[in-house]
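Notes follow once the structure below has been shown.
Laboratory data are not the source of any read-out in this text; all were calculated from the coordinates shown. Small disclaimer: the values here were computed from a predicted structure and weren't measured. Note that each Cβ is placed from the backbone with ideal geometry, even for glycine, and that neighbours are counted across all protein chains shown.
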Amino acid sequence: MYDVFSLPPVRFPEGFLWGSATAGHQIEGDNIHSQSWHNEQQPDFYKDDPERKIRAPSGKACDHYRLYREDVELIASLGHRGYRMSIEWSRIEPQEGRWDSEAVDHYLDLLERLVQRGIKVFVTLHHFTHPLWFDRMGAFGSTANFRYFERYLAFLVPKITPFVSGWNVFNEFNQWGGLTSGPGVAPLKFNMIRLHALGYHLIKQHSTAPVSSAHAFIHWFPRRFHDSLDRCMTGFADFTTNEFFFHALRTGELVYPNHDAEYDPDVKGALDFWAVNYYTRHMIDARFASLDGARFHHKELKMVPMPFYLEEMYPEGLIANLERLNDYPVYITENGCSADDDRFRIVYLALHLSALREAIDRGVDVRGYFYWSLMDNYEWTSFIPRFGLVGVDFQTFQRTPKPSALFYRQVIQENGFSGEQIKRHLDALPTLR
């Protein structure tokens, strides 16, 4: 049992960067030229939710595109010293070859306001969404389309470089294709690795800020720990989602199951830090073709009213994952939990920050932490999951900082926390019963 009130005091290295993270499509609203917006308008978007009780289009999202000035002040008032955000390609280039100067000016104003408030900005150049015209061309599945992405970066990067303290070329492409080595998966992942390297080298022509791509670092765990097949397929899942990327960036060798290995010298060393998105562990059950194993029942936490939406707090997985990344600096670019009861968020933060401190003590060069997310937002198909430090009324767009935001602000101010500090923000351990 976790007792966050008895945690030993935790302090972080001097200069540690504290902040929060968002993604454009999830907060801006009216991203009408993106493939995600288009997909949300299709009838089959609701095929798993015909009564439309859970799934919804993004619509206005958090209306951040209109309210960004107020949101900058909100970020500053909460003491955040870093902010990870994405820029929407579909706003910059809504039609192929047509650049939208108003959208460029919008993002420049947002970036400048953040920097003026003393906030270091980490920019993600592609966070799952891209222009519909690009998607209809086959997006990243075709090497012939690399030139469009390169052209976009060549247009945008020089303009925003003065405001950027860190770069993510992509977000979580390591998960694309799922747990499979079927036809087409390896070529897509190899394309993405090469595109990451292309982005890295292009950015380095204009910026001295560090560059990476945010990695969804899932901690895979065998459903039956001593079952040889579960353990074997856990290794398979880890390689196809994690190790293939680490190996490529370290060696330049692109290798994936059921596909001949390739070597690309531009890939080797094409990063300055590991960007880690970590939430929890996932079970591997080799008795299912999907390999999708159920959580241990005693660890299930249903913290939002969505069928099968179960969370698990597993901070130990963060330590285990980070110990593999001791060759470059590390920034935690996403970490958070979805909960209607904000007390769970305080517990989650305390446990994972304690684990993060232990990883540092074990020799991992962790330099910053971005909580996901700054505010409740659109979670790709639904508004029900609530990850935010700040609550959002999706009718009025009123922002309301939660107790977890105040706890996190104190963590930032003191560069750490103690059990006594937790007690100031948490009256009792939360329960679902």
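What to note about this one:
- Each DSSP beta bridge with both residues in the chain is either parallel or antiparallel, and the antiparallel ones are about 25%.
- Evaluated at q = 0.06, 0.08, 0.09 Å⁻¹, the base-10 log of the normalised Debye intensity for the chain, with identical point scatterers placed on the Cα atoms, takes the values -0.24, -0.43, -0.56.
- Restricting the stretch 293-365 to chymotrypsin sites (Phe, Trp or Tyr not before Pro) in coil, as DSSP defines it, with at most 13 other Cβ within 10 Å: Phe296, Phe308
- Think of the stretch 4-425 as a dipole: +1 on every Lys or Arg Cβ, -1 on every Asp or Glu Cβ, centred on the Cα centre; then among Ile384, Ala350, His106, Ala350 lies furthest on the positive end.
- Among complete DSSP H helices in the chain, those whose alpha-carbon atoms stretch at least 20 Å along the helix's long axis and whose mean Kyte-Doolittle hydropathy reaches 0.0 are 146-160, 185-204, 342-361.
- Highest average first, the peptides 83-90, 277-284, 5-12, 249-256 ordered by how many other beta carbon atoms sit within 10 Å of their residues are 83-90, 277-284, 249-256, 5-12.
- Near Asp260: Cβ cut-off under 14 Å, other residues only, Lys/Arg at +1 and Asp/Glu at -1. The net charge is -2.
- Only one residue of Val157, Val255, Val276 has its Cα farthest out toward the positive end of the dipole of the stretch 4-425, where Lys and Arg carry +1 and Asp and Glu -1 on Cβ, and that residue is Val276.
- Dipole magnitude of the stretch 268-374, debye to nearest 20 (Cβ charges: Lys/Arg +1, Asp/Glu -1, about Cα centre): 100
- Radius 9 Å from Cβ of Val330, net charge of other residues (Lys, Arg +1; Asp, Glu -1): 0
- Taking all Cα pairs closer than 8 Å and separated by 6 or more residues, the relative contact order of the chain comes to 20 percent.
- Electrostatic tally near Glu88: other residues with Cβ closer than 11 Å to its Cβ, Lys and Arg +1, Asp and Glu -1, net -3.
- What you get for the chain, charging only the Cβ of Lys and Arg (+1) and of Asp and Glu (-1), is a dipole of about 460 debye around the Cα centre.
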